[in-house]
Structures are given as C-alpha cells and as structure tokens.
Amino acid sequence: MLVKKIAVIGAGYVGITTAACFANMGHSVTLTDIDQTKLDQLTKGMCPIVEEGLLDLLFVGVESNRLFFTSSNKEAVSDADFIFLCLPTPQGKDGTADTSFIRSVSKEIGPFLRADATVVTKSTVPVGSAAVIEETLGRSDVSVVSNPEFLREGSAIYDFLHPDRIVIGSKSVHASKRVCDLYEPLAARTIITDPSSAETIKYAANAYLATKISFINAVAAVCEGVGADVLDVIEGMGSDSRIGKEFLNPGPGWGGSCFPKDTKALVKIAEIAGYDFALLRGVVEVNQQQHQRIVEKVLSFRPQLTGVFRVCALGLTFKAGTDDRRDSPAISIIQSLMVKGIEVHAYDPTVSILDNADDLSGIVLHGSSLDAAKNSDVVLLLTEWPEFTALDPALIGSKMRTRSVVDARNILDATQWRSAGFVHIGVGR
Ligand code: UGA
C-alpha cells in the first residue's frame, strides 16, 4: 500500500475517528481544529470524546509517528494528497444545514493546496455542496469528492473499519479512483457515483433510519391501545426478510447530533426542490410526540395531591456508548417534567455530579443509580446503558418513596421489577 499524506480538518466525532483510523491503516495523518483545548488534550494523549477504542488508536497513531495535531490548516494541507473536511454543518435558522464552516475553510485552504490534491467532504452537506466547495477553493487543478460517513457514535471505529459500503461521488473519475484506493484495505463494497447522488445517499439513509424508529414508536402506541406487545410484533414483522428487525427498537424517540438536523434538512432540501416531503415531516412529528408520550407515562404516577414529586432519571445521553447529549430525548423529556414542577434527580455514567453544562441546569446529579433513586417516586430509564439492566429492583425500591418504573427503552426485566413490588410501564407493552 502506498502511504498517503492526509489532512483531516475538524476534530469532532467524525474527524478524530477518521484521522485515527487512516493513521492505523498506515497513512500519515495531520488532524487540525480551531479549538486549542481539544488539540492540547489530544497532544497530551487524552481524547475529547468518549468513543470505544479511540483512545488506544490515537495512542498507537502518535507513538508510531503517523498521527500529528496542529491548529494550522495551512500547515496541514500544504503537502497533503487528501484533505478530509470533517466540519460541523449545524441546523440553520430555516432548517437548512449551515455550511459556513465548510465554505470558510475551503476559502482559507484553497491557495495552499498541492496541485492534484483531492478535497473530500465527510460532513453531511446539502446537495450541491461539492460544486460550492469547488468554486470556493478556486483551484481547477484540485478535485472535490463527496465521501459521506455512516459512523454510529459508540461504534465509530468498528463502522469505519468494517463499512457496509463506501460511497464516493465526484465528477472526476481519477479522483474517485484515488479515494477508492485509499479504502482498498477495508475490502468493502464501493459505490461510485456523482456528487449530488452521494450527498443525497447520506440524507436518505439517515431519514430512512429515523423513519423506521418513528414507525415502530407509532406501532408501539397502537400496541398500548389494543393490548398487544410490541416486542412480539417486532419479532413477527421483522422476521420478514424484506423488513428485518434492526433499528426497530421503540424508545423515547431518536436524537443525537445527526437525525434531528438531517431529517429537517432533507425536508428543506425537498421543499427547495419543489417537493413536499410530507412523509418525513410526519416522521419528525411522531418523534416529538414520543417525548411527550414518555412524559405522560411518568405523569400517570403523579399523586392527585400536590406535593413534591421526585423522578429518578437514569441516563442522559442520546443513546448508550457515548457521552453525547446533543438533542438527547432524555434531556428534552426531563425538561418537560421540570416545567411541570417535578423534581428530577439523575445519574448517567458519563456525567460528573459537578457538571454544570446549560442543558443540565435544574437537574440534581448523582454519582450512582442508587443515590439518584433515594426518596424518589418513579424510576425513569431513558438511556440503554447496560449497567441499568443489572440493577437490583429490591435494593432500588428500598430507597424509594413509592415503587414505580417507566422503562423508556424496554431493557428492564418487567417480571423481576414487578416481583420486587414495582408498578412497571414499558413502551408498547
Ligand atoms: C446515525 C446513523 O446511524 C449513522 O449511520 C450516521 O453516520 C450518523 O447518524 C451520522 O449522520 O453521522 P448516531 O447519530 O450515532 O448515528 O446514532 P444512531 O445509533 O443511529 O441512533 C440515533 C437515535 O436513534 C438514538 O437516539 C437512538 O437511541 C435511537 N434509536 C436507534 C432508537 O430509538 N431505536 C433504534 O432501534 C435505533
């Protein structure tokens, strides 16, 4: 394999993972970011995010002199064969993705690129961005390729090294081939297409996954109404090989840094293209309703008499295996409960009791599930951390005022909790 020089711009989840994995594959990688604190952490051998296996991979990369960090984009790109843009594309005011970081970095690096360099977008960018980047770079001797990522937080390293497919979109056959060669050791299926199709694939994939979850959450609501068990329904419908069981777990609704912004962005992209994506608008609405449905389950335990009603919330991140709370359904549900005057005591394995981030304001943080459960009226399980399945309901119950549990992830053994005297409510059961 030919060792390539790669610059990765943006040390977020995608950028750090991309840099660590390419270095692990033997390439020489320089990771840049404007946030000096992140770079200092990385230089000291720390990782700014919780991601399984990432710390080890970073260590190996640095020790083997294949992974470098700098705050200078100019320094990173000037001798790079490939420049991967792993920059944020937050939701803009009108729902469209805000591409200002992509545009300003393209403008900045344009003059410093080597002739024949390839600029690759990994960020989820609006359809048509490859053309915008090309124009902003102002370099006819540099090619632009769209190579969307499909990494799940929590298993990003595994996903990078074992992809279901690699999507490469470019106007240049030569550039597509070069990016394709970069991934050759992974022996994955490669889909080569034009930039707009590559960009659309990313949005369509995330929108479809979000649709599956909203669909099953809606079916769960029907199950509750008709007295069916959604887990049996999933077993039955998912056994059809055309449907499958994956991504059909009902829960508190989907969240995270991608689905909420990407679904809204696709609705907007469609609108601009002259199509009303009513189906996807429905998917987003069902998700918002799902938060409220969980809130109502908790409220069903609220005593008629007024007085302090205390909820023990287990889990704050948007899913297990990550420390990410961006657009976490757990936070949105807890905030709705607090607005109703409910006291929320919470525990999450990734959140320190000293954390004073804005999204945690008003929540009383604890260092263990047992501490959070003390004197509470309801346990509300919001994130599927494996340690919660090992909880002893009798012990938890002995600390509580009344024994009620809302399992928004359907991971607790209902029979066991009921035997310990709990009134147990799941989702769709
Ligand atoms: C998602 C996609 O899965 C990745 O393929 C994509 O690369 C990434 O977005 C991105 O665009 O960068 P991620 O945000 O890490 O990855 O999260 P997921 O594992 O997809 O979960 C999203 C949400 O759906 C979470 O809130 C999760 O709890 C929820 N979910 C997932 C369910 O409620 N039920 C399920 O069956 C699966």
> So what is the relative contact order for region 239-353, in percent, with contacts set as C-alpha pairs under 8 Å and at least six apart?
Replying inline: 28
> Which residue, Gly253, Gly53, Gly154, has the most motion in a Gaussian network model of the chain that connects Cα atoms within less than 10 Å?
Replying inline: Gly53
>> Just to check I understand the Karplus step: with θ = phi - 60° and J = 6.51 cos²θ - 1.76 cosθ + 1.60, what whole-Hz values come out for region 267-283, glycine and proline as x?
In response: 4, 5, 4, 4, 4, 5, 7, x, 10, 8, 7, 4, 4, 6, 4, x, 4
> Looking at the chain, what % of its DSSP beta bridges pair antiparallel, to the nearest 5?
Replying inline: 5
>> Using Cα springs under 10 Å in a Gaussian network model of the chain, which residue among Asp355, Asp98, Asp323 shows the largest mean-square fluctuation?
In response: Asp355
> What residue among His162, His345, His366 has the largest mean-square fluctuation in a Gaussian network model of the chain, using Cα springs under 10 Å?
Replying inline: His162
> Which ³J(HN,Hα) values in Hz, rounded to whole numbers, follow from the phi angles of region 140-148 under the Karplus curve 6.51 cos²θ - 1.76 cosθ + 1.60, where θ = phi - 60° and Gly and Pro get x?
Replying inline: 6, 8, 10, 9, 10, 10, 9, 9, x
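Dipole size in debye (nearest 20) for the chain around its Cα centre, Lys and Arg Cβ +1, Asp and Glu Cβ -1?
Numbers: 41 positive and 51 negative charges, 95 e Å.
For this selection, approximately 460 debye.
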> According to the Kirkwood expression over distinct Cα-Cα pairs, how big is the hydrodynamic radius of the chain, in Å?
Replying inline: 23.2
> Which angle from 0 to 90°, rounded to the nearest 10, does the C-alpha axis of helix 173-182 make with the longest principal axis of the chain?
Replying inline: 60
> Roughly what angle does helix 100-109 make with the longest principal axis of the chain, taking Cα atoms, 0 to 90 degrees, to the nearest 10?
Replying inline: 30
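By average Cβ neighbour count within 10 Å, what is the ranking of 376-389, 274-287 from highest down? Can you show the working numbers first?
Details: 376-389: 22.1, 274-287: 15.4.
Highest mean packing first, the order is 376-389, 274-287.
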>> Using each residue's phi in region 227-236, evaluate 6.51 cos²θ - 1.76 cosθ + 1.60 at θ = phi - 60° and report the 3J(HN,Hα) Karplus result to the nearest Hz, with x for Gly and Pro.
In response: x, 9, 10, 4, 5, 6, 5, 4, 4, x
>> Check which residues have an amide H placed less than 5 Å from Ala346's amide H, if you skip close sequence neighbours.
In response: Ala313, Val364, Leu365, His366
> Roughly how many Å is it from the Cα centre of region 1-40 to that of region 215-293, as a whole number?
Replying inline: 34
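Given axes a ≥ b ≥ c from the Cα gyration tensor, I'd like to know whether region 87-222 is rounded (a/c under 1.5), prolate (a/b larger than b/c) or oblate. Walk me through the numbers on the way to the answer.
Working: a/c = 2.34, a/b = 1.45, b/c = 1.62.
Here region 87-222 falls in the oblate category.
Explain nothing, just the number: relative contact order of region 119-263, from Cα pairs under 8 Å at least 6 residues apart, as a whole percent.
Values: 174 pairs, mean separation 30.7, N = 145.
Value for region 119-263: 21 percent.
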>> Between Tyr275 and Glu235, what is the label-point separation in nm under the 7 Å Cα-to-beta-carbon projection?
In response: 3.8
>> Just want to confirm a number: the relative contact order over the chain, from Cα pairs under 8 angstrom separated by 6+ residues, in percent.
In response: 12
>> Placing unit charges on C-beta atoms (Lys and Arg positive, Asp and Glu negative, everything else neutral), compute the dipole magnitude of region 1-80 about its Cα centre in debye, rounded to 20.
In response: 240
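Throughout, read-outs are computed from the coordinates displayed, never taken from laboratory work. Bear in mind that the values here come from a model prediction, so they are computed numbers and not experimental data. Neighbour counts are summed over all protein chains in view; Cβ atoms, including those assigned to glycine, are modelled from backbone coordinates with ideal geometry.
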